[in-house]
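Could you have a look at this structure, given as structure tokens, before my questions?
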Amino acid sequence: MKEIINPITQSADDITISFSAKPNIPGKNTFLIETAETTLSGSAEIMRVIVRFTYLDENIGTLSADAQTIDETQYQLDGSYLSLPGNWSIEVVVRRKGVEDAVSTFAWFVPPSLAAKPTIISNRPLQPILTAMATGGWILVAIIALIWKLYKRKVEKIASVSRRQMV
């Protein structure tokens with residue numbers, strides 16, 4: 001299944017509840033809940049929006065959290081409530097003043113996350129390049145040692161000539 005981008009909408013009593021999760025991956029997600037009254041009668045004040053997450057592929061219990069109010073019809077919840085890929089049941093409870101709770105249950109699927117692939121700079125083997133670099137390094141060390149030895153001989157020769165001239 002693909003990542004769910006658009007919200008899923010259901011009616012519960014006299015209210016419509018929409019739910020979406022982005023990016024809809026195992027781990028941290030942002031959940032958006034939107035509510036809309038379906039009747040023209042006076043609307044009841046929404047006191048809380050509660051979201052319950054139940055993983056259906058194993059019995060790991062249910063997590064419950066209160067969504068934060070964005071405005072009078074939108075609510076948001078951030079967190080790692082969808083911790084595993086697979087099938088979930090997400091229950092949205094809209095608690096209103098003076099009326100029974102409106103409850104919608106959404107069947108939800110979280111696709112497995114794709115593991116990050118390593119960055120490949122080249123698919124050529126490194127052994128020939130590293131062998132050449134190591135050989136070049138040893139040659140450079142040998143040249144420097146030879147130059148140092150020749151330099152020391154020259155300095156010693158000049159020092160011995162100077163000593164002879166002083167005597």
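Applying the selection to segment 52-90, what residues are more than 22 Å from the chain's Cα centre (by Cα) and charged (D, E, K, R)?
Within segment 52-90, ARG52, ASP57, GLU58, ASP66, ASP71, GLU72 qualify.
One line per residue, one yes/no per condition, for (1) loosely packed, with under 10 Cβ neighbours inside 10 Å; (2) closer than 17 Å to ILE50 by Cβ; (3) among the charged types (D, E, K, R); (4) modelled with pLDDT of 90 or more:
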{"residue": "ASP71", "(1), (2), (3), (4)": "yes, no, yes, yes"}
{"residue": "GLN74", "(1), (2), (3), (4)": "no, yes, no, yes"}
{"residue": "ASP78", "(1), (2), (3), (4)": "no, yes, yes, yes"}
{"residue": "SER83", "(1), (2), (3), (4)": "no, no, no, yes"}
{"residue": "GLU91", "(1), (2), (3), (4)": "no, yes, yes, yes"}
{"residue": "SER104", "(1), (2), (3), (4)": "no, yes, no, yes"}
{"residue": "ILE139", "(1), (2), (3), (4)": "no, no, no, yes"}
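The values are calculated or read from the model by the stated rules, or taken from the named source; none is laboratory data. If you're wondering where the values come from, they're calculated on a predicted model, not measured in any experiment. Cβ sites come from the backbone with ideal geometry, for glycine too, and all protein chains shown count toward neighbours.
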